[in-house]
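Data block below; observations after.
The values are calculated or read from the model by the stated rules, or taken from the named source; none is laboratory data. Since this is a predicted model, take the numbers as computed values, not measurements. All Cβ positions, glycine included, derive from the backbone under ideal geometry; neighbour counts span all protein chains shown.
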Amino acid sequence: MNKPKPINIRPNKTINDLIIFFEKVVITFTGSSSYKKQYHEDSDEDHLTEILVWHYQEINRNNNENYIIMPQPRQENRRKVDIGIGLHGGQGNYIFCIEAKILPTNEYITGNTGAIKRFKKCEHGLSGSNPKNRKPLSYSGIVAYVKSGTFNEHLMKINKKIQEIASKHSEKPDEFGLTWYNSEQLEKIYFSSIARLISKHPRENTCHINLNHFWISVH
């Protein structure tokens with residue numbers, strides 16, 4: 001069943017500038033000195049994200065940007081998202097959260113550590129850890145490190161899986177209490193040295209979440 005797509009609320013200038021900046025970080029990641037010095041064939045998701053944060057910090061400093069990046073900030077029920085990004089003078093609030101995965105994986109969409117599922121369920125994508133004043137963010141992202149397979153192969157597999165889940169759980173919630181729709185499939189922006197995609201996901205009793213997907217080939 002297709003649920004109508006959420007209203008397309010354009011990101012404000014702050015978020016749009018951040019997405020553009022992070023895209024530049026991702027594009028230059030595998031050519032960076034941090035990557036060349038630290039990456040090895042056994043680097044896992046945590047290690048790759050650590051290297052990405054190093055690279056991000058270097059570019060951030062050289063460009064005098066106003067962003068603060070925090071590895072592993074707490075979100076809901078002690079869960080930690082891989083990266084939280086805020087602004088200097090932002091009173092400790094995050095404006096964008098990023099979850100990381102390695103492709104191929106069975107938990108890009110759902111499962112106990114499912115990336116999209118955690119954003120849909122508001123376990124990730126929150127402005128902070130304090131339940132008294134945190135807010136669900138309208139924009140966040142997923143970084144995927146591609147160790148095998150092509151961007152097209154992963155896109156087809158992920159969207160096919162979303163279709164399968166939607167066919168079962170557009171009206172009857174899944175084990176996490178979530179409903180899914182065909183409109184939540186990933187949309188390709190471009191495939192080049194990296195892959196850029198977007199997706200939109202309705203959430204219960206709050207704003208929908210717009211996810212920016214950044215895929216990096218590391219094999």
Examine region 164-171 for a residue that is within 15 Å of Asn106 (Cα to Cα), part of a loop (DSSP other than H, G, I, E, B) and not hydrophobic (A, V, I, L, M, F, W, C), and state whether such a residue exists. no
Among the numbered criteria (1) polar (S, T, N, Q); (2) assigned to a helix (DSSP H, G or I); (3) modelled with pLDDT under 95, which single criterion is violated by Thr49? (3)
Within the set of pairs 6 or more residues apart or between chains, which connect a residue that is under 26 Å from Lys161 (Cα atoms) and buried (at least 24 other Cβ atoms within 10 Å of the Cβ) inside region 116-131 to a residue that is at pLDDT below 95 and small (Gly, Ala, Ser) with Cβ atoms less than 6 Å apart? Phe119/Gly125
Qualifying residues in region 115-136 (those that are touching a helix residue (DSSP H, G or I) at 6+ places or on another chain (Cβ under 9 Å) and assigned to a loop (DSSP other than H, G, I, E, B)) - the one farthest from Leu52 (Cα to Cα): Glu123
Answer with yes or no whether Lys80 is modelled with pLDDT of 90 or more and among the charged types (D, E, K, R). no
Select from region 75-108 the residues that are without any contact (Cβ under 8 Å) to a residue 60 or more places away in the chain, surrounded by 21 or more Cβ atoms within 10 Å (Cβ to Cβ) and not in a strand (DSSP E or B) and list them in ascending order. Gln75, Val81, Tyr108
Whether any residue in region 19-29 is part of a loop (DSSP other than H, G, I, E, B) and out of contact with any strand residue (DSSP E or B) (no Cβ under 7 Å at 6 or more places or on another chain) is what I want to check. yes
Matching residues, region 164-179, being surrounded by 15 or more Cβ atoms within 10 Å (Cβ to Cβ) and either over 30 Å from Thr14 (Cβ atoms) or at pLDDT below 95 (or both): Ile165, Ala166, His169, Ser170, Phe176, Thr179
